[in-house]
Amino acid sequence: MAQRHENDHPILIAGGGIGGLAAAYALAYHGIPVRVFEQAPEFHEIGAGIQLGPNIFRALDKIGLKDAVLADAHRPYAMEMRCALSGERVIQIPLADRRFTDRFHYPYAVTHRADIHGAILKACQGSNLVTLETSRTVEAYEEHDDGVTALLAGGERVKGRALVGCDGMWSKIRERLVGDGKPRVSGHIAYRAVLKKQEVPADLWQPDVILWAGPRTHLVHYPLRRGELWNIVAVFHSDRYVEGWNAEADAAELWDHFKGQRPEVLRMLERIETWRMWVLCDREPIKEWHKGRVVLLGDAAHPMLQYLAQGAAMATEDAVCLAEKVAASPDDLPAAFEAYVLGRYLRTARVQIMARVYGDFYHARGPAAELRNQMLRERTPEQSYDGVAWLYGGP
Ligand SMILES: Cc1cc2nc3c(=O)[nH]c(=O)nc-3n(C[C@H](O)[C@H](O)[C@H](O)COP(=O)(O)OP(=O)(O)OC[C@H]3O[C@@H](n4cnc5c(N)ncnc54)[C@H](O)[C@@H]3O)c2cc1C
């Protein structure tokens with residue numbers, strides 16, 4: 001670990017989601033003091049599942065957190081796509097056999113957001129270089145030659161060496177730094193629910209990640225928390241717009257979109273009494289993530305649709321890269337931030353763009369869906385791995 005610069009102000013971090021906490025811990029791991037401001041009254045993640053490709057474990061391994069995140073995760077044997085109309089298994093991609101691990105060297109896992117967030121939070125709490133503060137909203141900032149002042153709700157001003165905006169999709173730091181308005185509303189909505197294993201009919205329980213692709217819909221389910229929970233996400237096209245990750249959902253709207261699909265799909269939807277929803281948004285890729293001593297990370301920098309299941313992974317890769325660049329250039333943070341952005345923006349842009357393509361692919365209708373199924377049916381596992389090697393093999 002690098003030497004701590006004793007007399008320095010800490011680096012300030014706005015936002016304590018997966019990206020903000022990963023950045024805090026990665027910087028502390030390199031001996032750099034940080035102060036995290038989270039607007040919520042406590043550090044927590046909403047109750048939903050998240051898929052973790054091998055690339056996030058490669059990043060976590062660099063800061064010693066791989067095993068902590070794997071501890072409560074579930075390791076699916078395979079990922080399957082099924083047709084939501086015919087029930088056909090279109091493709092099955094092994095995730096836990098030698099071919100996968102020989103190729104990517106790290107596992108594929110699924111976990112509860114609270115579990116990955118909790119593992120990183122615990123690591124931060126164990127570091128004397130990380131100060132965690134809740135009910136603290138960063139409203140704006142002022143930059144000076146030798147630092148940044150964060151302006152908090154309530155009027156407090158806090159000085160730091162630099163400011164990392166990890167404040168998510170609706171980032172205030174981005175608003176000031178880039179000023180490119182609100183995120184793009186994709187016209188897709190995700191409904192989600194988490195059940196206990198015993199609430200899932202035995203014949204529907206599967207240890208794998210299963211995606212039911214339907215016309216302008218898909219349903220994905222997988223176990224969480226060592227197999228004790230069951231995560232369901234149903235996505236369909238809708239023009240509704242509500243800001244935030246945790247809005248009340250209207251089940252009638254969901255049923256309209258899934259009617260006519262396989263009984264397995266409908267029986268799964270029937271199990272859910274209360275849905276929460278996300279309106280899915282993203283942005284065009286940009287590379288202006290930093291100016292002087294202020295820099296963006298995670299969804300604040302490159303919000304993406306969830307179709308590649310990579311938002312948290314990209315935020316974690318960002319965090320590790322940022323900390324490495326700061327450690328390499330501790331006395332010139334603007335240069336370190338420049339190097340970080342250069343190291344990250346094309347990779348994250350590719351994920352932003354490809355996530356849209358995958359969304360169209362999953363939601364294809366008519367001949368486009370037939371063509372998709374024909375192409376996928378013929379694929380060997382090795383060909384599937386080739387298709388994601390740029391992602392899972394990196395950064
Ligand atoms: C349906 C769906 C499924 C997904 N599935 C996956 C998946 O399988 N795998 C994957 O890797 N990713 C997935 N993602 C993406 C992933 O959830 C996000 O990309 C990731 O959580 C972004 O982390 P973040 O820390 O950048 O932002 P956020 O998680 O949004 O965290 C931002 C934090 O900042 C706080 N905050 C906001 N404004 C301020 C402020 N002004 N001052 C202080 N604090 C503030 C917020 O309260 C929050 O705690 C999915 C997303 C969706 C919508």
- Query: By how many degrees, between 0 and 90 and to the nearest 10, does the Cα long axis of helix 311-328 differ from the longest principal axis of the chain?
  - Reply: 30 degrees
- Message: So if I restrict to the alpha-carbon atoms in the chain, what is the Rg, and what is Dmax, the biggest pairwise distance, in Å?
- Response: 21.0, 66
- Query: Ignoring ligands, DNA and RNA, what percent of the 1.4 Å accessible area of the chain is carbon and sulfur?
  - Reply: 48 percent
- Task: Divide, for the range 1-138, the radius of gyration over alpha carbons by 2.2 N^0.38 Å, where N is the residue count.
- Result: 1.27
- Message: Per DSSP helix of 4 or more residues, -39500 (n - 2.57); summed, then divided by the residues of the chain. What does that give at 222 nm, rounded to the nearest 500?
- Response: -11000 deg cm²/dmol
- Note on the structure: In whole angstrom, the spacing between the Cα centers of the range 286-345 and the range 125-139 equals 20 Å
- Item | the chain, relative contact order [Cα under 8 Å, separation at least 6], % | 22 percent
- Angle, helix 113-125 long axis vs. longest principal axis of the chain, Cα atoms, 0 to 90°, nearest 10? 20 degrees
- If you line up the long axis of helix 381-392 against the longest principal axis of the chain, both from Cα atoms, how many degrees apart are they, to the nearest 10? 20 degrees
- How big is the accessible area of Cys166 in square angstrom, nearest 10, if you roll a 1.4 angstrom probe over the protein chains? 10 Å²
- With a cut-off of at most 16 other beta carbons within 10 Å, and DSSP calling the residue loop, which trypsin sites (Lys or Arg not before Pro) in the range 1-79 qualify? Please list them. Arg4
- Task: Could you work out the Rg to Rh ratio of the range 1-73, with Rh taken as the Kirkwood radius (inverse of the mean 1/r over all Cα pairs)?
- Result: 1.01
- Message: Taking the solvent-accessible surface of protein heavy atoms with a 1.4 Å probe, what is the per residue accessible area of the chain in Å²?
- Response: 42 Å²
- Task: Give me the distance between the Cα centres of the range 159-185 and the range 19-80, rounded to whole Å.
- Result: 21 Å
- Message: Which GluC sites (Glu not before Pro) in the range 311-393 sit in a loop by DSSP (not H, G, I, E or B) and have at most 16 other Cβ atoms within 10 Å of their own Cβ?
- Response: Glu378
- Task: Could you pull out the trypsin sites (Lys or Arg not before Pro) across the range 73-171 that fall in loop regions by DSSP (anything but H, G, I, E, B) with no more than 15 other Cβ atoms inside 10 Å?
- Result: none
- Task: Report Rg (one decimal) and Dmax (nearest whole number) for the range 164-213, counting Cα atoms only, units Å.
- Result: 18.8, 52
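The values are calculated or read from the model by the stated rules, or taken from the named source; none is laboratory data. No experiment lies behind these values; they were computed from the predicted model shown. Heads up, the Cβs are rebuilt from the backbone with ideal geometry, glycines too, and the neighbour counts pull from every protein chain shown. Quick note on the areas: whole protein, heavy atoms, side chains included, nothing else; ligands and nucleic acids left out. Shrake-Rupley method; radii C 1.70, N 1.55, O 1.52, S 1.80 Å.
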